[in-house]
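What follows is a short report on a single structure.
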Amino acid sequence: MLVHVLRSHLESEAGTGPGWLAGLADPAVAAALACVHRDPAHPWTVAELARAGSVSRTVLATRFKKVVGQAPHEYLTAWRIELAAKQLRKGEGTVASIAQAVGYSSDSALSTAFKRVMGTSPRHYREHPESADMAQIC
């Protein structure tokens, strides 16, 4: 039943907008998304993701951007930050351990990316997650 609902949604006008769900309808993009979600800490390159989808780097980058609405590395960054934010909200680990778990070489590297995406530092987000959530909505 779920598969039929998803197929119907993807085939409808509502499902034609960019996003990860639309990416699942494209085999090459779906393969890249599976890689990123399976191992977000891996230092993915577009070439590796393209190989997973059996297409060239250019083809993957173009299709990914068109279908998902972001370049592969932008999506990877957003996914890593989402995972880090979830761990911060749960109070799991230090910023350094979270950084390593989601693919950043240091807490400083995570902090830079986190602040760019979320508008606040990981430490501030951990203490006040509602402030970053509201900034993203506005």
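Ignoring ligands and nucleic acids, what accessible area does Asp39 show with a 1.4 Å probe (Å², nearest 10)?
Asp39 has an accessible surface of roughly 60 Å² with all protein chains in place.
Could you go through segment 53-61 in sequence order and give the Karplus-derived ³J(HN,Hα) for each residue, using 6.51 cos²θ - 1.76 cosθ + 1.60 with θ = phi - 60°, rounded to whole Hz, and x for Gly and Pro?
Taking θ as phi minus 60°, the curve returns x, 6, 9, 6, 4, 4, 4, 4, 4 Hz for segment 53-61.
Add +1 for every Lys or Arg and -1 for every Asp or Glu among the other residues with Cβ under 11 Å from the Cβ of Phe64, and state the total.
Neighbourhood net charge equals +2.
With a 1.4 Å probe and every protein chain left in place, tell me how much accessible area Val55 has, in Å² to the nearest 10.
Using a 1.4 Å probe on the heavy atoms, I get roughly 40 Å².
Name the residues whose placed amide hydrogens come within less than 5 Å of the amide hydrogen of Gly19, ignoring near sequence neighbours (fewer than 5 apart) on the same chain.
Long-range HN contacts for Gly19: Val68, Gly69.
Once phi is turned into ³J(HN,Hα) by the Karplus curve 6.51 cos²θ - 1.76 cosθ + 1.60 with θ = phi - 60°, what whole-Hz value does each residue of segment 27-42 show in order, with x for glycine and proline?
x, 5, 5, 4, 5, 5, 4, 4, 4, 4, 6, 6, 9, x, 7, 5
How much net charge surrounds Cys35 when only the other residues with a Cβ under 13 Å from the Cβ of Cys35 are counted, with Lys and Arg +1 and Asp and Glu -1?
Counting the neighbours of Cys35, the net charge comes to 0.
For segment 112-125, what does the Karplus curve 6.51 cos²θ - 1.76 cosθ + 1.60, with θ = phi - 60°, yield as ³J(HN,Hα) per residue in whole Hz, taken in order and with x for Gly and Pro?
5, 5, 4, 5, 5, 7, 9, x, 8, 6, x, 5, 5, 4
How big is the charge dipole of segment 16-138 about its Cα centre, in debye rounded to the nearest 20, if each Lys and Arg gets +1 on its Cβ and each Asp and Glu gets -1 on its Cβ?
Dipole magnitude for segment 16-138 comes out near 200 debye.
The values are calculated or read from the model by the stated rules, or taken from the named source; none is laboratory data. Source: prediction; values computed, not measured. Don't worry about glycine lacking a Cβ; one is built from the backbone with ideal geometry, like all the others, and counts go over all protein chains shown. What goes into the accessible areas is simple: the full protein's heavy atoms, side chains included, and nothing from ligands, DNA or RNA. Shrake-Rupley method; radii C 1.70, N 1.55, O 1.52, S 1.80 Å.
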